[in-house]
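Here the structure is laid out as structure tokens; the discussion comes afterwards.
No value in this document is a laboratory result; all are computed from the given coordinates. Quantities reported herein were computed from a predicted structural model and do not represent experimental measurements. Virtual Cβ from ideal backbone geometry, glycine too; neighbours counted across all protein chains shown.
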């Protein structure tokens, strides 16, 4: 049996995984990255619109800072986010984007002077400051008060991923491609690595490490139509779930992006609307101002998606053989803008729809896009229940996004969480706690268990077809656990998924009996895992009798801050059971810097918790008292909710802007 030892093991070769790997490698810890595909083929490359960071260089971003980014993110999360984590994130994002510049990301830049932009479907003249010329610019995105989303045309993820992969090679990070993690190796609540399968030759290998990081992305492929790549199947979440020890958080929080093209579900970036594009119905009428007079097409994604479905339900959808859809109109932006800043969108429209978006409207419909749920972690990225297991990026419930993510915060989170978690992992590896205390016999037992599972799938006859089970699971999730949810549909979804789980234990691989490169075998064991992940989503949604963020219950339309201001925590300690174990983690209002209130968009359906008003009064009193004594915004923020002590020391400094500069002594505070 083959066992490979390393200091740090990273499962997943996208932006989050690569940033963790380079960080710990630079701290002197040998790192191996396992990736299903070559890293430059990871799903991070699909991120189009941009990365949020409060640089405030462009005219429409002028005056932005961490406080505004913090407020936008908390409101976007519908008060489901961990506010200390949000503070850590918004403080580090400007540092991350500047670091990526040094790695070679060619961010779009401010050009001094006057230029035209489309705002609210009208041409507007914007004048950029001379002193901002050549600095990183930004575009508008949903749910934000300032233009904060920094971008490289509409290929931001592509640019960032290529730069990070190059950096990983420069740092001599070991990357083992075409390797799939099958199970966590753990003992007495401590993770020691994974058992992995070589997708080419079928070899089963154990990787033993001081620290193991899951950075495998989301679980969008449990749905029939999704913007996610085919490798986004919830692999990392399933690894944690099947350990019986590690927990998942908020798995029912699933985001649907408003503008995926019909019928294939490929994303057209939020940058289309951020740059001035509008949504139209069957009559060519721009309908979003009727629903959201202030934010219009740039309300948060959960709100825009629901408004689109509401409009379709009113008979205003465009009939097609693939179901009703709506139109995304970017023709008003002009060909020059599209071919410069939205060229990937143009390529997608030409290749998959046969249309020129500079001349024709794009058929779009909300489609599954992002997973707010994931492996529940502390602020350090370490699992709350399994020592030595870390997670970051979309695979984790850190919890930055709560029940809805703002556009641009995800790709930003990948590198920010990667930066921070790399430091926490390195500190762990430098401590005596990281010593590997597991026998070879135990590791070999985990290897044998995975070999036996594969042998059983290949030799069993007369069982279920994994392809059939997977298609049924995808259909159930799309039809019953979608944008709008209700108790009857969710109950039916859970019961049908339970039956599928039982049937999945009797899968037969009939198309090929090869232990080596065998897509049928891969589908078989992944389907078993995916059904479990789907059950955590559906069951969590059934139990949560409220509407919050992307979780919208038609039978419980109110956001219930009295009974449901808490995170859903899921585990699967008994592998024979057909349902996960669900508990809850309270979100304490008394610890919040920004107590629950109205988001400023969407419907104001809130069962208010009286503690919100009490906490707001307390915050107002502290702020007013400090203002009397001339306190600055940093001193006020620190008095309301300290967080800097949670950050690694190297990332605690303040962020300078053209309009906010600090002398060296103060910047170090």
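The table below lists the values:
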read-out: Computed label-point distance, nm, for sites residue 591 and residue 488 using a 7 Å Cα→Cβ extension; value: 4.0
read-out: Value at 222 nm in deg cm²/dmol, rounded to 500, when DSSP H runs of n ≥ 4 in the chain each add -39,500 (n - 2.57); value: -11000 deg cm²/dmol
read-out: Label point distance in nm, residue 605-residue 627, each placed 7 Å from Cα along Cα→Cβ; value: 3.5
read-out: Relative contact order, percent, the range 442-586 [alpha-carbon distance under 8 Å, six or more residues apart]; value: 25
read-out: Taking all pairs of distinct alpha-carbon atoms in the chain, Kirkwood radius in angstrom; value: 25.3
read-out: The range 128-158 versus the range 593-669: alpha-carbon centroid distance in Å; value: 24
read-out: Within the range 498-512: backbone nitrogen closer than 18 Å to the residue 475 label point (7 Å, Cα to C-beta); value: 498-504
read-out: Antiparallel content of DSSP bridges confined to the range 442-586, in %, to 5; value: 70
read-out: Residue-span extension gain [residue 332 to residue 355] - 0.36 nm each, minus C-alpha spacing; value: 6.7 nm
read-out: Inter-probe distance in nm under a simple model that places probes 7 Å from Cα toward Cβ, at residue 437 and residue 321; value: 6.5
read-out: The chain: relative contact order as a whole-number percent, Cα under 8 Å and 6+ apart; value: 19
read-out: Quarter of the Cα convex hull surface for the range 277-395, i.e. its orientation-mean projected area (nm²); value: 10.7
read-out: Whole-number percent relative contact order across the range 259-367, with pairs defined as alpha carbons under 8 Å at least 6 apart; value: 34
read-out: Ranked packing of 126-138, 148-160, most packed first, by mean Cβ within 10 Å; value: 148-160, 126-138
read-out: Global form of the range 423-469, assessed from the alpha-carbon gyration tensor, a/c cut-off 1.5; value: oblate
read-out: Area projected by the alpha carbon convex hull of the range 14-77, averaged over all directions, nm²; value: 6.8
read-out: Percent antiparallel among DSSP beta bridges (both partners in the chain, rounded to 5); value: 65
read-out: The range 442-586 shape via C-alpha gyration tensor axes, a/c threshold 1.5; value: prolate
